[in-house]
Amino acid sequence: MRFVQEAYDLNWVAPLGANVDGFEHDIAQFTGAIQAAALSSGTAALHLALILASVGPGDYVICQSMTFSASANPIAYLGAIPVFVDSESDTWNMSPVFLDEAIQFCLSQGKKAKAIIPVHLYGMPANINEILEIAEKYDIPMIEDAAESLGSTYQGKVTGNFGRMGILSFNGNKIITTSGGGALISDDEKLIKKARFLATQARDAAAHYEHSQIGYNYRMSNILAGIGRGQMEVLPDRVKQKRAINEWYRSFLAGIEGILFQSEPDEDYCSNFWLTTITIDPDLSGVSREEVRLKLLEEEIESRPLWKPMHKQPIFKDAPFFGDGTSEDLFAKGLCLPSGSNLTEREKERIQISLLEALE
């Protein structure tokens, strides 16, 4: 409220302003990136990242299939062709094995992919070293979709800061929020400078309104950036809360047959556990994911299936896909559990009772 009130006191509520500058500084400092551009959404950030990677009509862009549609939609905005890659079982994220196959497919069609988009699903870092090694081998820029993983680390480094560019989201459901917003981060200052230019309608330096390129209205407002500055101050606390919620679920679901958590494969991975997610094997548990979800819903407790893989979405049904069905199996068995950092002890008690009853 202090930052927001300051913006009102200065009568500076439009895009740009001291809060935007301050928020960008805070984001860069937290992630370790050289520069950050505060934008209207994570989707806007990914759209600009693809433009900066020179993606255009007919180009191939390799994208993780197990993700929200916002990871893939900007590819279509530019008339490019998404090539979807299946998950690996360890992290549920992009499989390096099938990534290589997807790259080979693109080359066989006479075109090198313009970008690779791994996603840190539900906060879990992807297998970055192997993915980055493949990306560098074929000289393809990696754009990290870290929309769900702010505060997560891989080998001690904050996600979103491994590839050529990284995108963040501050949507209302994320670990911290500006109600709506996102950011593009990079160690390449020229890229961020160009992103800011494109995000402010690509206005050229002139006294009048001169435009030599297509631009976008993608900059964050000074009011929302003020919210973000306040949220950055509590981000470490939010990560602790999310991880504590994950441990709480593990404590009372331990030993129940057929239940598996999305888990950190080894000490290199540290997830913010934005959402606590499980899979339910009906052959072992005697109950399906959907039966559990509906039972919780009867108690007015919302849970959701995992993301439906993009290659199974009607809009992308004709897109190339490389995998072995891992993401489809995750979707069939996976459930996102209530994970809000504001869960009360009474709510947690009700969730625990209802979830254990549903699994009986």
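The values are calculated or read from the model by the stated rules, or taken from the named source; none is laboratory data. Fair warning: this is a prediction, and the values are worked out from it, not measured in the lab. For neighbour counting, all protein chains shown are included, and Cβ atoms are generated from backbone atoms with ideal geometry for every residue, glycine included.
Looking only at the stretch 128-149, count every residue that is in a loop (DSSP other than H, G, I, E, B), out of contact with any His (no Cβ under 9 Å at 6 or more places or on another chain) and surrounded by 24 or more Cβ atoms within 10 Å (Cβ to Cβ) and tell me the total.
Adding up the residues that qualify gives 0.
Inspect the stretch 326-334 for any residue being touching a strand residue (DSSP E or B) at 6+ places or on another chain (Cβ under 8 Å) and either β-branched (Val, Ile, Thr) or at positive phi (or both) and give the result as yes or no.
Yes, the conditions are met somewhere in the stretch 326-334.
Show the residue pairs meeting these rules: Cβ distance below 8 Å; 6+ apart or different chains; first residue within the stretch 155-167 and among the hydroxyl-bearing types (Ser, Thr, Tyr); second residue part of a loop (DSSP other than H, G, I, E, B).
Thr159/His120; Thr159/Pro125; Thr159/Ala146; Thr159/Ser149; Thr159/Leu150; Thr159/Ser152
For the stretch 179-199, give me each residue that is at pLDDT below 95 and surrounded by 14 or more Cβ atoms within 10 Å (Cβ to Cβ).
First pass over the stretch 179-199, keeping only residues at pLDDT below 95: 179-180.
The one that is at pLDDT below 95 and surrounded by 14 or more Cβ atoms within 10 Å (Cβ to Cβ): Gly180.
In this structure, is Ile140 closer than 30 Å to Phe321 by Cα and either assigned by TED's automatic domain parsing to the domain that holds Val97 or at pLDDT 95 or above (or both)?
Taking the combined requirement at face value, the residue satisfies it.
Considering Tyr269, Tyr209, Tyr249, which residue is under 19 Å from the mean Cα position of the chain (by Cα) and of a type outside the set (A, V, I, L, M)? So that I can check it myself, show each step before the final result.
Details: Tyr209 fails: under 19 Å from the mean Cα position of the chain (by Cα); Tyr249 fails: under 19 Å from the mean Cα position of the chain (by Cα).
Of the residues listed, the single one that is under 19 Å from the mean Cα position of the chain (by Cα) and of a type outside the set (A, V, I, L, M) is Tyr269.
Scan the stretch 230-255 residue by residue and report those that are modelled with pLDDT under 95 and touching a helix residue (DSSP H, G or I) at 6+ places or on another chain (Cβ under 9 Å).
Result: no residue meets the conditions.
Do any residues in the stretch 186-198 that are in the same structural domain as Met220 (by TED's automatic domain parsing) and in contact (Cβ under 8 Å) with a residue 12 or more places away in the chain have Cβ atoms under 9 Å from those of residues that are small (Gly, Ala, Ser) and part of a loop (DSSP other than H, G, I, E, B), where the two are at least six apart or on different chains, and which pairs are they?
Every condition considered, the pairs that remain are Ser186/Ala33; Ser186/Gly163; Asp187/Gly32; Asp187/Ala33; Ile192/Ala33; Phe197/Gly215; Leu198/Gly215.
Restricting to the stretch 249-293, what's the tally of residues that are of a type in the set (A, V, I, L, M, F, W, C), surrounded by 19 or more Cβ atoms within 10 Å (Cβ to Cβ) and within 25 Å of Tyr154 (Cα to Cα)?
Of the residues in that region, 5 qualify.
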